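For reference, the structure discussed in these notes is given below.
The values are calculated or read from the model by the stated rules, or taken from the named source; none is laboratory data. Remember, predicted model here, so these are calculated numbers, not experimental data. As a convention, Cβ positions derive from the backbone with ideal geometry for all residues, glycine included, and neighbour counts pool all protein chains shown. With ligands, DNA and RNA removed, areas are computed over all heavy atoms of the protein, side chains included. Shrake-Rupley method; radii C 1.70, N 1.55, O 1.52, S 1.80 Å.
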Amino acid sequence: MTELTPAEVAMFRQIMAVAAILWTLLIIYIGYLDSKVRSLDERLK
Amino acid sequence: MKFQRKQAVILLAVLWAVVLYAMYQVLFSLGPLSEELLRFEGDPMRHGYKIFFFSMQAAAITYIAFAVVLVGSVVYLRTKNLKWDTIASSSAKVGIVFTTILLVNGAIFSNVGWGAYWNWDPRQTTSLFLWFILAAYLSLRTAVDNIETRARLSAVLGIFGFVGVPLTHISSTIWVSNHPQLYNTAQSSGFSLDKSGLTLFMILMTSFLILYIYMLWLTYKIETQNQIYQNILRGEQ
């Protein structure tokens, strides 16, 4: 692990938290869309 | 080979974990920019350069999305097969998402590096130009009702719109630009990645590429289902 100052660690933790939340939301949304697409596929058949 | 639900869930879970791991490594394990590359004492680029790991991927996927629009448009005009028009429009829809990410990343990088979110840098401006091309493409599609006319007009715009991609790529070399040069040119900023940095870069690039392909497939399926539904409403099926 590289040497980071306490201020840098605190800043990166905030960035990581925001990025992790946004990324998780995106993945969940894609999973939801996938599920909707598949169920619509079944109904259209 | 069908893309089953279980495979989709596994793919999403792996993508989620891999990108989070790579983000963590970029932030906490990658070293700062070397001292000789810093412009002054306390230069925010010391760690700010790490944004490159995300803006580069967004730029690459934007270029790929434009290329898919180009190919889909050309093949549609040659074959008149609407499937290719659907591929092109799906790529435009996904591409505008990545272009937006590119613009936001670029603005953050610009603020860290040069003190303003927007300073009309050639690379920033031409990236915005790319966003406008995709927005125009999607707007055109909503304005035309006839399916064949819409496909033909979109295809022409998709082909000419691709001009923005090489223009954006060379903008920072042909015009005076703050944007760092990534290749060995006379203007090279000297920034290069070590082995761990390169590994993380390739992991993120691969992950975002897989994400683009998955979103393209999903958007294509949605568009196809929409067309089937419209045909049912018109009584053609």
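To the nearest 10 square angstrom, what accessible area does B:HIS169 show with a 1.4 Å probe?
That residue has around 80 Å² of solvent-accessible surface.
At a probe radius of 1.4 Å, what is the per-residue accessible area of B:TYR212, in Å² to the nearest 10?
About 10 Å², rounded to the nearest 10.
Within the range B:105-141, find all residues whose amide N lies under 19 Å from a label point positioned 7 Å from the Cα of B:VAL176 along Cα-to-beta-carbon.
Residues B:114-116, B:118-126 fall inside that zone.
Rounded to the nearest 100 Å², what is the sum over both chains of accessible area buried where B meets A, with a probe of 1.4 Å? Please list the in-between numbers first.
Numbers: alone 13710 and 4550 Å², together 15650 Å².
In total, this chain pair buries about 2600 Å².
Sort B:LYS221, B:LYS195, B:LYS93 by heavy-atom solvent-accessible area, probe 1.4 angstrom, most to least. List each step's numbers first, then the result.
On the way: B:LYS221 55, B:LYS195 170, B:LYS93 90 Å².
Order by accessible area, largest first: B:LYS195, B:LYS93, B:LYS221.
What's the FRET efficiency of A:VAL9 with B:VAL14 using the Cβ-Cβ distance as r and R₀ = 30 Å, to the nearest 0.05?
Values: r = 28 Å, r/R0 = 0.94.
So, using R0 = 30 Å, E works out to roughly 0.60.
State which entries of A:LYS36/B:LYS80; B:LYS2/B:LYS50; A:LYS45/B:LYS93 exceed 28 angstrom in Cα-Cα distance in the structure shown.
Details: A:LYS36/B:LYS80 30 Å; B:LYS2/B:LYS50 38 Å; A:LYS45/B:LYS93 26 Å.
Violating the 28 Å limit, Cα to Cα: A:LYS36/B:LYS80; B:LYS2/B:LYS50.
Against the longest principal axis of chain A, how steep is helix A:6-44, in degrees 0 to 90 to the nearest 10, with axes from Cα atoms?
Helix A:6-44 sits roughly 0 degrees off the main axis of chain A.
If exposed means no more than 11 neighbouring beta carbons inside 10 Å and the site is in a DSSP loop, what's the longest run of chain B without any exposed GluC sites (Glu not before Pro)? Each step should come with its number before you reach the end.
Values: sites that count: B:GLU41, B:GLU236.
Maximal segment without exposed cleavage sites: B:42-235.
Could you pull out every whole DSSP H run in chain B that spans at least 27 Å of Cα extent along its own axis and averages 1.0 or higher on the Kyte-Doolittle scale?
Numbers: long enough: B:5-28 (34 Å, 1.56); B:52-79 (40 Å, 1.63); B:82-114 (46 Å, 0.93); B:122-143 (31 Å, 0.66); B:195-233 (57 Å, 0.74).
Passing helices, by number: B:5-28, B:52-79.
Compute log10 of I(q)/I(0) for chain B with the Debye formula, placing one identical point scatterer on every Cα and leaving out solvent, at q = 0.14 Å⁻¹, to two decimals.
The Debye formula, applied to the Cα set alone, gives -0.99.
Which shape class applies to the range B:70-123: rounded if a/c is under 1.5, otherwise prolate when a/b exceeds b/c and oblate if not, where a ≥ b ≥ c are the square roots of the Cα gyration tensor eigenvalues?
Values: a/c = 6.82, a/b = 3.46, b/c = 1.97.
Since a/c reaches 1.5 and a/b is larger than b/c, the shape of the range B:70-123 is classed as prolate.
Can you list the residues of the range B:19-63 with backbone N under 13 Å from a point 7 Å past the Cα of B:THR199, pointing along Cα to Cβ?
Under 13 Å, as judged by backbone N against the label point of B:THR199, lie B:22, B:25-26, B:29-30 of the range B:19-63.
Hey, what did chain B get for relative contact order, percent, Cα under 8 Å, at least 6 apart?
Values: 230 pairs, mean separation 58.3, N = 237.
It rounds to 25 percent for chain B.
Once you sort the root eigenvalues of the Cα gyration tensor of the protein assembly as shown as a ≥ b ≥ c, which label holds: rounded (a/c under 1.5), prolate (a/b larger than b/c) or oblate (the other case)?
Working: a/c = 2.68, a/b = 1.56, b/c = 1.72.
Oblate.
How much accessible surface area, in Å² rounded to 10, belongs to the heavy atoms of A:GLU42 with a 1.4 Å probe?
Per-residue accessible area (A:GLU42): approximately 130 Å².
Picking from B:SER73, B:SER90, B:SER207, which is most flexible by a Gaussian network model of chain B using Cα springs under 10 Å?
In this elastic network of chain B, the residue with the biggest mean-square fluctuation among B:SER73, B:SER90, B:SER207 is B:SER207.
Rank by packing, highest mean first: peptides B:60-72, B:123-135, B:17-29, with packing defined as the count of other Cβ atoms within 10 Å averaged across residues.
B:60-72, B:123-135, B:17-29
Within the range B:31-71, report the trypsin sites (Lys or Arg not before Pro) that DSSP leaves as loop and that have at most 12 other Cβ atoms within 10 Å. Display every interim value, and only then the final one.
Details: sites: B:ARG39, B:ARG46, B:LYS50; in loops: B:ARG39.
Loop-located and lightly packed - B:ARG39.
Provide the gained length on full extension for the span B:LEU153 to B:LEU138, in nm with one decimal, where the gain is 0.36 nm per separating residue minus the Cα-Cα distance. Provide the component values of the computation, followed by the final result.
On the way: separation 15, 0.36 × 15 = 5.40 nm, distance 1.12 nm.
Using 0.36 nm per residue and subtracting the Cα-Cα distance, I get 4.3 nm.
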